[in-house]
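J.: I have a structure here, written as structure tokens, and I will follow up with some questions on it.
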């Protein structure tokens, strides 16, 4: 065991919950204790940090929750942290009061920005990407995305069972905060009729054209997978309204199905559990080596890190556009 008894590292989970957050916390405790570092957790994200909501940790903390889909220590979205400088400075004071040497922030895009705000105030931070949306530009995969994708594939399959029976049309709306990764990959995996993303948005008449073409080919049902927040906008109807219109035009059983928060739960997949462990171990190692203000990322099958400021400033370059075009073209031929 390394002699790092004077070191204290803390961890928080922030933003929307994602399967694998609990794995991150448990791995953090085990790794810190194996290195002689005192692990500390604050419940409920930046809000819990501000309010000094310390969670008691021990070597056996959370071991009965290894397959838990929750954040285990709680998470939250904290608008006050983003908007109020005094709020952020108080968080820094809480960390100083407890003698915390560094903070690991587990979360998504907003959490990365919050971590960078703390870094600017002198806190040594490292971020771990955990979000079902997979929308952090600095990493190819985020903790929670794979589990979410598996959940969506199962739900879409079960919805298809119903609509095959009724020879119907399903407009299935998926979470993703506007990022189409879940929609694109689950559409391919489930062989959906059409994926509706920001690259392939349809007017009501477009839905009708796709549905008629599919039925004309003898398909028993039609499945549209739709990225959330596309409808209603720019004068378009809501998906519920489009579904009602389609039912009237086609005479087919048609429904708007919202998968919703089930995407955020469930037992983490093996991939997410492994990714969480790899990332936490590297994060703690980097802190022990005096490296901080970093974002842990997965690139080209390697888990590594990059400068946090650069990670936050990165713009997402999606490889989804050609996939969307090819998939929808093939399915319409």
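The values are calculated or read from the model by the stated rules, or taken from the named source; none is laboratory data. Note that the structure is a prediction, hence the values are computed from the model and not measured. Cβ sites come from the backbone with ideal geometry, for glycine too, and all protein chains shown count toward neighbours.
J.: Name the residue, out of 229, 315, that is in a loop (DSSP other than H, G, I, E, B), within 20 Å of the chain's Cα centre (by Cα), over 30 Å from residue 162 (Cβ atoms) and touching a residue at least 40 places away in the same chain (Cβ under 8 Å).
T.: Step by step, each of 229, 315 is checked, and only 315 is in a loop (DSSP other than H, G, I, E, B), within 20 Å of the chain's Cα centre (by Cα), over 30 Å from residue 162 (Cβ atoms) and touching a residue at least 40 places away in the same chain (Cβ under 8 Å).
J.: For the subset of region 83-109 comprising residues that are touching a helix residue (DSSP H, G or I) at 6+ places or on another chain (Cβ under 7 Å) and assigned to a helix (DSSP H, G or I), which member is farthest from residue 316 (Cα to Cα)? I'd like the intermediate steps shown before the answer.
T.: Initial filter on region 83-109 (touching a helix residue (DSSP H, G or I) at 6+ places or on another chain (Cβ under 7 Å)): 87-88, 90-92, 94, 102-106.
Those left that are additionally assigned to a helix (DSSP H, G or I): 87-88, 90-92, 94.
Values: 87: 30, 88: 27, 90: 32, 91: 30, 92: 30, 94: 34 Å.
That would be 94.
J.: Which of the following residues is farther than 23 Å from residue 181 by Cβ and touching a residue at least 40 places away in the same chain (Cβ under 8 Å): 267, 255, 298, 271? Full working, then the answer.
T.: Working: 267 fails: farther than 23 Å from residue 181 by Cβ; 298 fails: farther than 23 Å from residue 181 by Cβ; 271 fails: farther than 23 Å from residue 181 by Cβ.
Checking each option against the conditions leaves just 255.
J.: I'd like the full set of residues that are under 15 Å from residue 74 (Cβ atoms) and crowded, with 22+ Cβ neighbours inside 10 Å, limited to region 29-49.
T.: 40, 41, 42, 45, 46, 47, 48, 49
J.: Separate question: Outside any helix (DSSP H, G or I) and closer than 29 Å to residue 151 by Cβ: which single residue out of 28, 46, 61 fits that description?
T.: After ruling out the rest, the residue left standing is 61.
J.: Here's a check for you: in region 79-106, which residue that is within 25 Å of residue 290 (Cα to Cα) and under 23 Å from the mean Cα position of the chain (by Cα) is surrounded by the most Cβ atoms within 10 Å (Cβ to Cβ)?
T.: 106
J.: Could you tell me which residue of region 244-265 is farthest from residue 223 (Cα to Cα), considering only residues that are buried (at least 18 other Cβ atoms within 10 Å of the Cβ) and within 16 Å of the chain's Cα centre (by Cα)?
T.: Taking the candidates together, the pick is 264.
J.: Within region 191-207, identify whether any single residue is surrounded by fewer than 24 Cβ atoms within 10 Å (Cβ to Cβ) and under 19 Å from residue 266 (Cβ atoms), and answer yes or no.
T.: no
J.: While we're here: Please indicate, with yes or no, whether at least one residue in region 272-283 is at pLDDT 95 or above and closer than 30 Å to residue 224 by Cβ.
T.: Checked against the condition, which is being at pLDDT 95 or above and closer than 30 Å to residue 224 by Cβ, region 272-283 yields at least one hit.
J.: Being in contact with a strand residue (DSSP E or B) (Cβ under 9 Å, 6 or more places away or on another chain), within 24 Å of residue 304 (Cα to Cα) and either assigned by TED's automatic domain parsing to the domain that holds residue 279 or not in a strand (DSSP E or B) (or both): is that true of residue 114 here?
T.: Yes, satisfied.
J.: Regarding region 140-150, can at least one residue be identified that is surrounded by 24 or more Cβ atoms within 10 Å (Cβ to Cβ), more than 26 Å from residue 307 (Cα to Cα) and either outside the structural domain of residue 31 (by TED's automatic domain parsing) or touching a helix residue (DSSP H, G or I) at 6+ places or on another chain (Cβ under 6 Å) (or both)?
T.: yes
J.: Oh, and also: Determine if region 181-188 includes at least one residue that is out of contact with any strand residue (DSSP E or B) (no Cβ under 8 Å at 6 or more places or on another chain), buried (at least 16 other Cβ atoms within 10 Å of the Cβ), assigned to a loop (DSSP other than H, G, I, E, B) and assigned by TED's automatic domain parsing to the domain that holds residue 248.
T.: Checked against the condition, which is being out of contact with any strand residue (DSSP E or B) (no Cβ under 8 Å at 6 or more places or on another chain), buried (at least 16 other Cβ atoms within 10 Å of the Cβ), assigned to a loop (DSSP other than H, G, I, E, B) and assigned by TED's automatic domain parsing to the domain that holds residue 248, region 181-188 yields no hits at all.
J.: Something else now. For the subset of region 235-286 comprising residues that are touching a strand residue (DSSP E or B) at 6+ places or on another chain (Cβ under 9 Å) and assigned to a loop (DSSP other than H, G, I, E, B), which member is nearest to residue 302 (Cα to Cα)?
T.: Ranking the qualifying residues of region 235-286, first place goes to 268.
J.: Continuing with this model, one more query. For region 149-156, check the following and say yes or no: at least one residue is farther than 19 Å from residue 261 by Cα and modelled with pLDDT of 95 or more. First the steps, then the outcome.
T.: Taking region 149-156 and keeping what is farther than 19 Å from residue 261 by Cα, we get none.
Checked against the condition, which is being farther than 19 Å from residue 261 by Cα and modelled with pLDDT of 95 or more, region 149-156 yields no hits at all.
J.: When you scan region 319-327, do you find a residue that is in the same structural domain as residue 109 (by TED's automatic domain parsing), part of a loop (DSSP other than H, G, I, E, B), modelled with pLDDT under 95 and within 20 Å of the chain's Cα centre (by Cα), even just one?
T.: no
J.: Also, quick follow-up: Condition check: over 19 Å from residue 17 (Cβ atoms), at pLDDT 95 or above and assigned to a strand (DSSP E or B). Does residue 295 satisfy that?
T.: yes
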